[in-house]
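Enquirer: Below is the structure I would like to discuss, written out as structure tokens.
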Amino acid sequence: AQSVTQPDIHITVSEGASLELRCNYSYGATPYLFWYVQSPGQGLQLLLKYFSGDTLVQGIKGFEAEFKRSQSSFNLRKPSVHWSDAAEYFCAVGATGGYQKVTFGTGTKLQVIP
Amino acid sequence: KAGVTQTPRYLIKTRGQQVTLSCSPISGHRSVSWYQQTPGQGLQFLFEYFSETQRNKGNFPGRFSGRQFSNSRSEMNVSTLELGDSALYLCASSPGTGGRVEAFFGQGTRLTVV
């Protein structure tokens, strides 16, 4: 079965600084990979996804993520963080084939300071 | 297009009682998944229904059950509530099932057990 690890529980960055949120997965083949964001009191919203092809994927709100097979990683990045980016971010991995469910990481809470 | 609707938004129940949560998916979506979200545990997968059939089930006790109706609406039931069941319960709908589908989340039902 697949699994996903987000090693950082909390991250604090200054507004305007760059951001990188880490995500590592475990799966025997190339999985489907997702990043979701959850604002306070809200459900999760998809930021971006990777299925195949170009390993650098662009998402909404200026986010991007890079799939690195050799490191089993799918880190989320943003060059300049805005105060509105403060939220919790979840990495998720989906297995290929059949009725496979998507597995979510435990999340990284992002705090943005002025 | 209306999003995923979960009702009620907030619930307070007493230990030993039972509770039913409701989820109306996006029109045309046939898959509904349920998650339990608690601080530090991330999203714990409960179960997934697709075309009225349970396709996947997480590691939760039998007190947690669900069903899906022919119009794709889903309900989740928790019997004999325990204090540890206090959580945000999220419903997600998808057009299909499998590891590559994007999930669209509702805002959740906040359950407090006292």
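The values are calculated or read from the model by the stated rules, or taken from the named source; none is laboratory data. Computed from a predicted model, the values in this text were never measured in an experiment. So basically every Cβ, Gly included, is an ideal-geometry build from the backbone, and we count neighbours across all protein chains shown.
Enquirer: Checking the structure you have, find out if any residue of segment B:8-20 is surrounded by 17 or more Cβ atoms within 10 Å (Cβ to Cβ) and either within 11 Å of another protein chain (Cβ to nearest Cβ) or within 16 Å of residue A:44 (Cα to Cα) (or both).
Expert: no
Enquirer: Across segment B:87-102, what is the total count of residues that are free of Cβ contacts under 8 Å to residues at least 40 places away in the same chain and either touching a Pro at 6+ places or on another chain (Cβ under 8 Å) or hydroxyl-bearing (Ser, Thr, Tyr) (or both)?
Expert: Selection size over segment B:87-102: 1.
Enquirer: Among the candidates B:105, B:50, which residue alone is surrounded by fewer than 22 Cβ atoms within 10 Å (Cβ to Cβ), within 11 Å of chain A (Cβ to nearest Cβ) and in contact (Cβ under 8 Å) with a residue 12 or more places away in the chain?
Expert: Among B:105, B:50, only B:50 is surrounded by fewer than 22 Cβ atoms within 10 Å (Cβ to Cβ), within 11 Å of chain A (Cβ to nearest Cβ) and in contact (Cβ under 8 Å) with a residue 12 or more places away in the chain.
Enquirer: Can you tell me which residue is farthest from the other protein chains (Cβ to nearest Cβ) among those in segment B:76-95 that are closer than 26 Å to residue A:36 by Cα and touching a Phe, Trp or Tyr at 6+ places or on another chain (Cβ under 8 Å)?
Expert: B:76
Enquirer: Can we say residue B:62 is within 23 Å of residue A:44 (Cα to Cα), not polar (S, T, N, Q) and not in a strand (DSSP E or B)?
Expert: The answer is no for residue B:62.
Results for (1) part of a loop (DSSP other than H, G, I, E, B); (2) buried (at least 21 other Cβ atoms within 10 Å of the Cβ); (3) modelled with pLDDT of 95 or more, shown as yes or no for each residue.
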| residue | (1), (2), (3) |
| --- | --- |
| B:36 | no, yes, yes |
| B:40 | yes, no, no |
| B:43 | no, yes, no |
| B:55 | no, no, no |
| B:90 | no, yes, yes |
| B:97 | yes, yes, no |
